[in-house]
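Undergrad: For reference, the structure I am asking about is given below.
The values are calculated or read from the model by the stated rules, or taken from the named source; none is laboratory data. Keep in mind that what you see is a predicted model, and the values were worked out from it rather than measured. Glycine gets a Cβ as well: all are built from the backbone with ideal geometry, and neighbour counts include every protein chain shown. All accessible areas refer to the heavy atoms of the entire protein, side chains included, with ligands and DNA or RNA removed. Shrake-Rupley method; radii C 1.70, N 1.55, O 1.52, S 1.80 Å.
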Amino acid sequence: MAQEVKVGVAGLTHGHVWGLINAWKKVPGARLVAVADETPLLENALADFDKSYIDWREMLATEQLDALLVCSNNRESTEITIVALEKGIPCLVEKAMAADAADADRMLAAQKASGKTLMINWPLAWNPWLYEIKKQIEASAIGHPFHMRFSIGHSGPKEIGCDEYFVGWLYDEKLNGGGAIADFGSYGAVLSRFLFGMPETVFCVRGNFTKDYEVCDDHALMVLKYPKMSVTLEGTWATAVGDSGANPVIFGKTGTLGVYGSQLKLLAPRAEAVEIESPALPESNPAAYFLDCVKTGKAPEGIRDPVLAADACRILDAAIKSSKSGCAEKPGN
């Protein structure tokens, strides 16, 4: 019989938390022993947990946890993660890791000191095309890649009906790290880091272009410059309807790779587009994947690696600095 794994949840204000709680409920041997949150959202989680707390610090001091799911705002998630790692508790943190690179580096230092697993969950990580597109690039399927375009977002957290507690910190630049640039620009930043490494410079234009209420930015455009390529990234809370083009799309010297929905296609000159099969992932449950990393000591791979997520924070820091300076900025080391 598998040994029981005692799981805690710290924070319920990140709207992705409910899907991740359901993911844990599907993991054999996992027991949801405790949850902590200071908002009325706690009432919605009581049926799934043995005990509840208002204060996450009290929960971590009281419970003997084998794993912790962290789903608070981007500032508090950093503090929770550091305290938990110092107590020897492996942490699964929902994107985007942290509000800035300084906090991300504190998390990396805590992970290194503890030797415990730290994984950053991105919904993007569970798309099979993500790994196939990298494989195709590395196999020179399109020759030298010279440009990628990626856009992601929606019409806004309020507009799509996110709860008031999620909206409350998403719209707080200090707690989130930005507006749409932090929420959705982070996906593009970590995707670029995964596929192409760190850029030389980042240029950004962002602002509140469509809202009749105050928010630091509802749309952000970033341009990442690499030695022999460029990347354009859009993170938006302003787009009511997207287009049907490839997203992302990567242009190469001899061809183009594009993702249409979930279908990866290879386009070559004077030829029909070829659909490329993206093999199913060995594990598609983020909780189960994380627990396997904890048990085996395997480091989280791809964009789930906190080092890549921290680098994405560096890209966003440079973008935000650029939006204020009007100049391209170098991402920090």
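Undergrad: Could you identify the single residue in GLY245, GLY188, GLY197, GLY179 that is touching a strand residue (DSSP E or B) at 6+ places or on another chain (Cβ under 8 Å) and under 20 Å from PHE166 (Cβ atoms)?
TA: GLY179
Undergrad: Can you name the number of the only condition in (1) touching a residue at least 40 places away in the same chain (Cβ under 8 Å); (2) over 24 Å from LEU69 (Cα atoms); (3) small (Gly, Ala, Ser) that ALA189 fails?
TA: (2)
Undergrad: How many residues are assigned to a strand (DSSP E or B) and open to solvent by less than 40 Å² (accessible area, probe 1.4 Å) if we restrict to the range 231-265?
TA: So the answer is 13.
Undergrad: Looking at the range 266-308, which of its residues are exposed (fewer than 13 other Cβ atoms within 10 Å of the Cβ), of a type in the set (A, V, I, L, M, F, W, C) and in contact with a helix residue (DSSP H, G or I) (Cβ under 8 Å, 6 or more places away or on another chain)?
TA: ALA280 - this is the single residue of the range 266-308 that is exposed (fewer than 13 other Cβ atoms within 10 Å of the Cβ), of a type in the set (A, V, I, L, M, F, W, C) and in contact with a helix residue (DSSP H, G or I) (Cβ under 8 Å, 6 or more places away or on another chain).
Undergrad: Need the failing condition index for ASP212 against (1) surrounded by fewer than 18 Cβ atoms within 10 Å (Cβ to Cβ); (2) assigned to a helix (DSSP H, G or I); (3) not hydroxyl-bearing (Ser, Thr, Tyr), just the number.
TA: Result: ASP212 fails condition (2) only.
Undergrad: Tell me yes or no: at least one residue of the range 228-240 is charged (D, E, K, R) and closer than 29 Å to ARG314 by Cα.
TA: Yes, there is a match, as at least one residue in the range 228-240 is charged (D, E, K, R) and closer than 29 Å to ARG314 by Cα.
Undergrad: Within the range 132-158, how many residues turn out to be part of a loop (DSSP other than H, G, I, E, B), under 16 Å from TYR187 (Cα atoms) and open to solvent by 70 Å² or more (accessible area, probe 1.4 Å)?
TA: Selection size over the range 132-158: 0.
Let's see how each residue does on (1) more than 22 Å from GLU234 (Cβ to Cβ); (2) in contact with a strand residue (DSSP E or B) (Cβ under 7 Å, 6 or more places away or on another chain); (3) modelled with pLDDT under 95:
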| site | (1), (2), (3) |
| --- | --- |
| ILE80 | yes, yes, no |
| VAL83 | yes, no, no |
| ASP100 | no, no, no |
| ASP103 | yes, no, no |
| LEU108 | yes, no, no |
| ALA113 | yes, no, no |
| PRO145 | no, yes, no |
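Undergrad: Now a separate question. Of the conditions (1) more than 23 Å from HIS219 (Cβ to Cβ); (2) part of a loop (DSSP other than H, G, I, E, B), ALA288 fails just one. Which one is it?
TA: (2)
Undergrad: Quick check: is even one residue across the range 128-144 out of contact with any helix residue (DSSP H, G or I) (no Cβ under 8 Å at 6 or more places or on another chain), closer than 28 Å to THR39 by Cβ and touching a residue at least 24 places away in the same chain (Cβ under 8 Å)?
TA: no
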